[in-house]
Amino acid sequence: MKPQALTMLALLIAPWAHAQSTIELNVRGSVTPASCTPALTSGGVVDFGRISVQDLSKTQRTMLKPRPIGLSISCDAATRFALRMRDNRDGSALVNSGIYYGLGLDKRGNRIGLYEVQFDPRRIQADALTQVYITDSTTGGRGWHAADLQVDRIGSNDLLLGFSDTLGSTAGPVPIRDLTATLMVQVVVAPTESLDTSDDIAFDGEGTMEVVYL
């Protein structure tokens with residue numbers, strides 16, 4: 001009887017000894033980078049209205065009174081970012097510079113003028129910061145100038161403009177989730193002797209503001 005009992009025991013144990021001893025565990029998910037959405041008030045339009053030729057200088061450039069426009073930036077989470085702008089009227093500015101943008105051409109192909117977009121840190125609010133300081137980079141973010149309270153201008157290409165919470169910091173922009181600012185748009189018109197004033201001259205400036213993630 002004992003041999004039968006032993007055989008039965010072997011048959012019972014064998015299936016467990018040869019059963020699958022591994023099982024797969026799959027872990028799925030994704031990491032989504034934070035994104036920021038910029039918005040401008042008034043549909044992004046700054047209207048300087050009708051300007052009389054008599055109010056412009058014939059021989060010198062005329063600087064018009066700056067006009068405000070509101071900017072808001074909302075991010076999914078606190079994010080390090082900077083701003084830059086692309087001139088959609090590239091080549092039409094009176095001065096070839098990374099902070100000046102063109103107003104287009106008159107009907108004879110003359111450059112109408114230029115404009116700049118100014119950021120005043122005293123008119124910027126970000127999250128719960130008591131004071132926002134402006135920092136900028138001329139190297140595409142590889143190095144940053146000391147953050148301060150000076151009015152700065154948004155630039156193009158490698159000229160980046162960012163925001164810090166520490167005066168004098170050269171560490172670059174700090175993470176921000178929500179930012180609001182009142183920007184000032186400064187327009188300069190070419191001397192009228194260089195323009196075709198026989199017909200209306202329409203300002204046709206257009207730029208695309210970009211959030212650059214750092």
### Task
Could you work out the relative contact order of the chain, using alpha carbon pairs under 8 angstrom and six or more residues apart, expressed as a whole percent?
29
### Query
Taking only C-alpha pairs under 8 Å that are 6+ residues apart, what is the relative contact order of the stretch 14-117 in percent?
20
#### Entry: Helix-only mean residue ellipticity at 222 nm for the chain, each DSSP H run of n ≥ 4 adding -39500 (n - 2.57), per residue, nearest 500
-2500 deg cm²/dmol
### Query
R0 = 35 Å: FRET efficiency of Val27 with Arg177, Cβ-based, nearest 0.05?
0.75
### Rel. contact order, % - alpha carbon contacts under 8 angstrom, at least six apart, the stretch 106-147
22
### Task
Would you mind calculating the gained length between Ala202 and Ala77 on full extension (0.36 nm times residue separation, minus the Cα-Cα distance), in nm to one decimal?
40.9 nm
### Task
Quick one: go through the stretch 141-166 and flag any residue whose amide nitrogen is under 13 Å from the point 7 Å out along the Cα-to-Cβ line of Ser42.
none
### Task
With label points built 7 Å along Cα→Cβ from the Cα atoms of Glu210 and Leu129, find their separation and express it in nm.
2.2
### Query
If the chain between Ala146 and Arg61 were fully stretched, how many nm would it gain, using 0.36 nm times the residue separation less the Cα-Cα distance?
27.4 nm
### Query
Where Rh is the Kirkwood radius over the Cα pairs of the chain, the temperature 10 °C and the viscosity 1.306 mPa s, what D in µm²/s does Stokes-Einstein return?
76
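Read-outs throughout are calculated quantities, based only on the coordinates presented, and are distinct from any laboratory measurement. Note that this is a predicted model, so its numbers are computed, not measured. So basically every Cβ, Gly included, is an ideal-geometry build from the backbone, and we count neighbours across all protein chains shown.
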